[in-house]
1. Scan the stretch 297-310 residue by residue and report those that are in a helix (DSSP H, G or I) and of a type outside the set (A, V, I, L, M, F, W, C).
2. Among the residues of the stretch 222-244, are any surrounded by 21 or more Cβ atoms within 10 Å (Cβ to Cβ), in contact (Cβ under 8 Å) with a residue 12 or more places away in the chain, farther than 19 Å from residue 86 by Cα and of a type in the set (S, T, N, Q)?
3. Which residue out of 107, 140 is out of contact with any Pro (no Cβ under 8 Å at 6 or more places or on another chain) and either part of a helix (DSSP H, G or I) or closer than 25 Å to residue 383 by Cβ (or both)?
4. Would you mention how many residues in the stretch 113-129 are of a type outside the set (Gly, Ala, Ser) and either at pLDDT 85 or above or within 13 Å of residue 58 (Cβ to Cβ) (or both)?
5. Applying the selection to the stretch 134-189, what residues are under 16 Å from the mean Cα position of the chain (by Cα), of a type in the set (A, V, I, L, M, F, W, C) and more than 21 Å from residue 66 (Cβ to Cβ)?
6. Please find, among 252, 239, the residue that is in contact with a Cys (Cβ under 9 Å, 6 or more places away or on another chain) and assigned to a helix (DSSP H, G or I).
Amino acid sequence: MFNKRVEMLEGPLLGPVILFALPLMLTSILQLMFNAADIIVVGKFASDHALAAVGSTGAIINLMLNIFIGISIGASVVMGRYLGARDYENSQDTLHTSISLSAISGILVLVFGVFTSRILLEWMDTPPEVLDLATEYLRIYFLGMPGFMVFNFGASLLRAAGDTKRPMYFLTLSGVVNVIFNLLFVIVFKMSVAGVAWATVISQYLSAVLIIMSLMKGDDLMRLDVKKLNLNWHKVGAMLKIGLPAGLQGAMFSISNIMIQKSINSFGPVVMAGNTAAGSVEGFVYMGMNAIYQTALSFTSQNMGARNFERVSKIYKTCLAVVTVIGLALGIGAYAVGTPLLNLYTNDPEVVVYGLERLSIVAVYYALCGLMDVQVGVLRGMGYSITPMIITLVAVCGLRIVWLMTVFQMYQTRLILYISYPVTWALASIALFINYMYGRKKILLPGMRGEEVNLRI
């Protein structure tokens, strides 16, 4: 039962999709709960300035991580293809290359992050009263990057094999450890932002150790032997082909979000705190939908490897339907109970008001983001990497930047700032649908007719 995997290649779809996505969703929600614990602890037991400081670092952290997280997506797609084809040798090479690459990636992010934290925060116009606290938090946070990367690459590989339960178990344990150390460092030792940062670092390395131990006990296709860790450059190239565009897309998203955060910073620490709390609440909505994105990616990549082209078309429709229901339910629900949720983060009623303001726009229409992400997942699983990146960069990142430079300059209100989110999600979703229909015509339909199809990996 512990190692039971979801059947992706045959049988009904809705049940397996939900069965696969549910542990992913729970994993993500647990991760956010533990991340939220950081914010809640500093907001309740430190100060609003500490809360604003931690919140102001989110966009930078995402910028630094997204390229390498994108590569882990590439590793998942490549592994899914080989597992679908039952290719032992290439599965093994992909496994050992992925773990090696994750450790190297983590070290690179650690070094770069530690030395550039203050520079990036200053560029974002972080208010002087929170700058030192934000810098302290960010530098310590980046010390845990090797652990973070190893866990995420390892979890991606397990998910490619249909195993979403073990990453959930490991993250639960490390998250509990994170909360315990949060409370100990902040409340008992009065360490403020440094306390929650060190707690996060400890939990990241714990989750990495657990995922490595699990892979070392895996089956033949997924058994890690530390003596075989290496970089197979052919596999690295295949991962980068899918993962690098995904990572660059994520990085550009982060850059556009940094610019939005920069605009939010101009409204002062109280608005920053409200935005931080609302963003944390929205994270639960996003991760609920992101589980369906990862499901679509894994199911599509395995079925492409097995050449089940008709099933890929069904995966697309099923995942879109599921993510719409989840996005609407969680997004509208988050706004409906926004006041008590935001009160968990702060004792300041003004912070709650500003948080609700954001939830009314971003959370309520978050389902549009889910539609966008699921289509990207299916397209990446089909082997398309560049086109989804270009579409999302132009329709989301590019338009947001243009929006900030034009519309927001004419009407410098928080409402105008937040509206940029649903507008760009909707435009990207439409463009990605057109991209999918093209891919369906070029790959899926010929495959359904029994014609020879050259897969894109």
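1. Those that are in a helix (DSSP H, G or I) and of a type outside the set (A, V, I, L, M, F, W, C): 298, 300, 301, 302, 303, 305, 310.
2. Checking the stretch 222-244: not a single residue is surrounded by 21 or more Cβ atoms within 10 Å (Cβ to Cβ), in contact (Cβ under 8 Å) with a residue 12 or more places away in the chain, farther than 19 Å from residue 86 by Cα and of a type in the set (S, T, N, Q).
3. After applying the criteria, what remains is 140.
4. Pass one, the stretch 113-129, residues of a type outside the set (Gly, Ala, Ser): 114-116, 118-129.
Now restrict to residues that are either at pLDDT 85 or above or within 13 Å of residue 58 (Cβ to Cβ) (or both): 114-116, 118-122, 124, 126.
Qualifying residue count for the region: 10.
5. Selection gives 168 alone.
6. That would be 252, the only listed residue that is in contact with a Cys (Cβ under 9 Å, 6 or more places away or on another chain) and assigned to a helix (DSSP H, G or I).
Residue-by-condition table, conditions (1) in a helix (DSSP H, G or I); (2) not polar (S, T, N, Q):
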site	(1), (2)
219	no, yes
227	yes, yes
247	yes, yes
271	yes, yes
280	yes, no
295	yes, no
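Residue-by-condition table, conditions (1) of a type in the set (Ser, Thr, Tyr); (2) under 30 Å from residue 403 (Cα atoms); (3) touching a residue at least 24 places away in the same chain (Cβ under 8 Å); (4) buried (at least 20 other Cβ atoms within 10 Å of the Cβ):
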residue: 266; (1), (2), (3), (4): yes, yes, yes, no
residue: 293; (1), (2), (3), (4): yes, yes, yes, yes
residue: 300; (1), (2), (3), (4): yes, no, yes, yes
residue: 312; (1), (2), (3), (4): no, no, yes, yes
residue: 342; (1), (2), (3), (4): no, yes, yes, yes
residue: 355; (1), (2), (3), (4): no, yes, yes, yes
residue: 359; (1), (2), (3), (4): no, yes, yes, yes
residue: 369; (1), (2), (3), (4): no, yes, yes, yes
residue: 376; (1), (2), (3), (4): no, yes, yes, yes
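The values are calculated or read from the model by the stated rules, or taken from the named source; none is laboratory data. Treat the numbers as computed from the prediction; the structure is a model and nothing was measured. When we count neighbours, we look across all protein chains shown, and the Cβ atoms used for this are built from the backbone with ideal geometry, even at glycine.
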